[in-house]
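Take a look at the structure set out below.
The values are calculated or read from the model by the stated rules, or taken from the named source; none is laboratory data. Model, not experiment: these values are computed from the prediction. Here the Cβ is made from the backbone with ideal geometry for all residues, glycine too, and neighbour counts use every protein chain on show. Just the protein is used for accessible areas: all its heavy atoms, side chains included, with ligands, DNA and RNA removed. Shrake-Rupley method; radii C 1.70, N 1.55, O 1.52, S 1.80 Å.
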Amino acid sequence: MTKITLPEEGIETLFGSYDENLKFLESLLGVKLRTQGHDLIVEGAPAGVSKVERLFAQLSGLAQEGYRISNGDVKTAAQLLADHPTLELRDYFLKSSLTQSGKKRIAPKSVNQRRYLDAIEQQDIVFGIGPAGTGKTYLAMAQAVSFLLAKKVNRIILARPAVEAGEKLGFLPGDLAEKVNPYLRPLYDALYDMIDVERAERFIERGTIEIAPIAFMRGRTLNDAFVILDEAQNTTAEQMKMFLTRLGFGSKAVVTGDITQIDLPAGRPSGLVEAMKVVSGIEGISFVHFDDRDVVRHKLVQQIVKAYESFNNGSGGKGGKD
């Protein structure tokens, strides 16, 4: 039995509502936990007890350095240390935090997310490939806004192919802008999560932030820009080549996509799948692959992603389209 004394301030957050964080730790690390005032009593195998001690020691250190620990941070930290016992949590919650215009602090919640942010910082073109909910687009948006506010780039360009689940734009009501807006909505949602709506609207009105279908980029050279191509699995080979050759001086490009969710018509190869084969060996281009362990949405999403992977890799499914 080991006793861990915790600081009085913020102890409710560490334990979680109705001790939900403690229950999560018990399941994750194979230990028994009970509280005794401000003390945490830990019982179990030495390896599990050691991980609990290391977890709360690092969380207490973060709090002392001024980091406001949220309820979700405890579970994230526990999962990180469970997967990587020698990892330093401050590298994730302090060193890599991105604060956007006072709205919220954004930090990587997995090793792959950290690798992704480092790649964006260091390379001019980065591909983030993996399932839904892994933070590919969200973290790219956070980096883009961070670069813009720090004046490392002059503008942000967010692009998306207007292809979804077999639907055609011609069947949708309204003019072109109204037709493509539903496809761009997720980019607006992520943007407004980073910056106050009023400030974001001013940036959009001035053209500092542009959100448009990928077709609008043809014939342009993009200098001093942070360019994000979202849902890139739905680009054609021609569109992907066009996008990658738009990059100008002082610019960065991030390409995100999930190659198991391709909605192109049958027989049309995905530009993202082709790019993975064509440009993977070029210096200055990084590929970061995410999996179910990086899913940061509702805990059921991680299980759903895993279930579909098992289904598609077994006899029950034919696998994702290529």
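Here are some notes:
- Separation in nanometres of the label points that stand 7 Å from Cα toward Cβ, at Asp19 and Ala132: 3.6
- Relative contact order (%) - the stretch 14-163, alpha-carbon pairs under 8 angstrom, separation at least six: 14
- Highest-first packing order for the peptide set 50-59, 65-74 is 50-59, 65-74, based on the mean count of other beta carbon atoms within 10 Å.
- Heavy atoms of the protein chains alone define the surface here; on that basis the chain has 51 Å² accessible area per residue at 1.4 Å probe size.
- For the residue pairs Lys51/Lys109; Lys3/Lys23; Lys109/Lys151; Lys136/Lys306, the C-alpha atoms sit more than 21 angstrom apart in Lys109/Lys151.
- Computed lengthening from Thr221 to Ala237, 0.36 nm per intervening residue step minus Cα-Cα distance: 3.9 nm
- Estimated distance in nm for a label pair at Tyr188 and Asn71, the labels positioned 7 Å out from Cα along Cα-to-Cβ: 3.0
- Sum of -39500 (n - 2.57) over DSSP H runs of 4+, divided by residues of the chain (222 nm, nearest 500): -13000 deg cm²/dmol
- Ordered by solvent-accessible area of protein heavy atoms (1.4 Å probe), largest first, the residues Thr13, Thr245 come out as Thr245, Thr13.
- Solvent-accessible area of Val305 with every protein chain in place, 1.4 Å probe, in Å² to the nearest 10: 20
- Global dimensions of the stretch 260-315 from alpha-carbon coordinates: Rg and Dmax equal 14.6, 39 Å.
- Added length on full extension, which subtracts the Cα-Cα distance from 0.36 nm per residue, Arg115 to Lys152: 11.3 nm
- Expressed as a whole percent, the accessible area of the stretch 33-142 that falls on carbon and sulfur atoms is 46 (1.4 Å probe).
- Relative contact order of the chain, defined on C-alpha pairs under 8 angstrom at six or more residues apart (%): 18
- Separation of the Val301 and Thr208 label points, Cα + 7 Å toward Cβ, nm: 2.9
- Under 5 Å from the amide H of Phe127 lie the amide H atoms of Val255, Ser286, Phe287, Val288, each residue being 5 or more positions distant or on a separate chain, with H modelled from the backbone and absent for Pro and chain starts.
- DSSP beta bridges confined to the chain are antiparallel in about 35 percent of cases.
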